[in-house]
1. Can you pull out the residues in the range 210-224 that are open to solvent by less than 60 Å² (accessible area, probe 1.4 Å) and over 17 Å from Pro166 (Cβ atoms)?
2. Assuming Val5 fulfils every condition listed in (1) among the hydrophobic types (A, V, I, L, M, F, W, C); (2) over 26 Å from Asn133 (Cβ atoms); (3) assigned to a helix (DSSP H, G or I); (4) touching a Ser or Thr at 6+ places or on another chain (Cβ under 9 Å) apart from one, which condition is it?
3. Tell me which residues, restricted to the range 55-83, are assigned to a loop (DSSP other than H, G, I, E, B), more than 25 Å from Asp236 (Cα to Cα) and either open to solvent by 80 Å² or more (accessible area, probe 1.4 Å) or basic (Lys, Arg) (or both).
4. Which of the residues that make up the range 175-192 are among the aliphatic types (A, V, I, L, M), within 9 Å of Ser76 (Cβ to Cβ) and in contact with an Asp or Glu (Cβ under 8 Å, 6 or more places away or on another chain)?
5. Looking at the structure I just gave you, is Asp149 open to solvent by 20 Å² or more (accessible area, probe 1.4 Å) and among the acidic types (Asp, Glu)?
6. Would you mind telling me which numbered condition in (1) touching a helix residue (DSSP H, G or I) at 6+ places or on another chain (Cβ under 7 Å); (2) assigned to a loop (DSSP other than H, G, I, E, B); (3) at pLDDT 90 or above Pro166 fails?
7. How many residues, within the range 24-54, are assigned to a helix (DSSP H, G or I) and either surrounded by fewer than 24 Cβ atoms within 10 Å (Cβ to Cβ) or free of Cβ contacts under 8 Å to residues at least 60 places away in the same chain (or both)?
8. Please enumerate the residues belonging to the range 165-187 that are among the β-branched types (Val, Ile, Thr), surrounded by fewer than 21 Cβ atoms within 10 Å (Cβ to Cβ) and within 13 Å of the chain's Cα centre (by Cα).
Amino acid sequence: MKKNVLLSIIVPIYNVEKYIGSLVNSLLKQTNKNFEVIFIDDGSTDESMQILKEIMAGSEQEFSLKLLQQVNQGLSSARNIGILNATGEYIFFLDSDDEIEINFVETILTSCYKYSQPDTLIFDYSDIDEFGNALDSNYVHGSIYRQKDLCTSEQILTALSKGEIPTAAWSFVTKRSVIEKHDLLFSVGKKFEDTNFTPKVFYFSKNIAVISLRLYRYRKRPGSIMTSHPEKFSDDAIFVTYDLLDFYDQYKIRELGAVVGKLVMTTFVSFSDSKKLYNEFNPIRKKVFKDYISIEKRHTKRIKMYVKMYVFSSYVRYKLYRLVKGKHWK
């Protein structure tokens, strides 16, 4: 009798021949095999799929395996196909150039039982270089990861707005029912697709378990979309921000407003030379100003946040601020 699959791991693949081997090995070494992997070939043109098939053919995997293909349509489309084909109670999005620790599945499933099937689980992560070597992370691993009890969606959204947890879709595991019930899908054809997807998952998750362990291995490599934000992607940044703003307008809780504010501020920095983007975002900044400021309880932090929001209220003032910070202008 076939056992029920508890976890579906969705892995879009596009031209990652250098890294696919280490990813697959991290799956094969899992200490708990009660999961399925859904690989989606997003029209790869290198040897990624050949390497994958050779590794799988030469191993005795004890987990369920699905291999799907599509003409290249991008990460969002591939993830959406994975969602539609998932059968596990929980879903996890694994990027094909990253890895997971060998106790990832076991820790996730143990935590599911411990916390009586929470809607979502979040976990910490480590940075690695393109060769798999550990790196010092310059990201803030927030105090939320020391939380021992179940969290509410408001608590996790607050941590997200403070930058204490990443927005990346690989940073959590969530119930398939949460995604299906609320028709949550990634925005197809857009970069930064995690930024308007992850907050929605957290909002609809009424109980969230926190795992303090660093279970994910995020590979920082040159040339990835996360290491460069060319001007041609500014329209995508505008799209996902307005989509998240529409979501905030629908549910009107200050934690969501704070997340929108955080997104606006980080996007300003990423596209610091784009006056078009600044003009698009400044009205949004004004709309979520109170939420963004009020979510931080500590007075000194509130002052810093207020000053920063004031700086961004004028494009000229913003440019001067960036010059004082010593940033290079194109």
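1. Of everything in the range 210-224, nothing turns out to be open to solvent by less than 60 Å² (accessible area, probe 1.4 Å) and over 17 Å from Pro166 (Cβ atoms).
2. Every listed condition holds for Val5 apart from (3).
3. Glu60, Glu62
4. Answer for the range 175-192, where residues must be among the aliphatic types (A, V, I, L, M), within 9 Å of Ser76 (Cβ to Cβ) and in contact with an Asp or Glu (Cβ under 8 Å, 6 or more places away or on another chain): there is none.
5. Criteria met by Asp149.
6. Unmet condition: (1).
7. Start the filter on the range 24-54 by keeping residues that are assigned to a helix (DSSP H, G or I), which leaves 24-28, 48-54.
Those still in the list that are either surrounded by fewer than 24 Cβ atoms within 10 Å (Cβ to Cβ) or free of Cβ contacts under 8 Å to residues at least 60 places away in the same chain (or both) too: 24-26, 28, 48-54.
Going through the range 24-54 one residue at a time, the tally reaches 11.
8. Answer for the range 165-187, where residues must be among the β-branched types (Val, Ile, Thr), surrounded by fewer than 21 Cβ atoms within 10 Å (Cβ to Cβ) and within 13 Å of the chain's Cα centre (by Cα): just Thr167.
The values are calculated or read from the model by the stated rules, or taken from the named source; none is laboratory data. The shown structure was predicted, so the numbers you read here are calculated from the model rather than taken from an experiment. Because the Cβ atoms are built from the backbone with ideal geometry, glycine has one as well, and the counts that use them run over all protein chains shown. Surface areas here come from the heavy atoms of the whole protein model, side chains and all, with no ligands, DNA or RNA. Shrake-Rupley method; radii C 1.70, N 1.55, O 1.52, S 1.80 Å.
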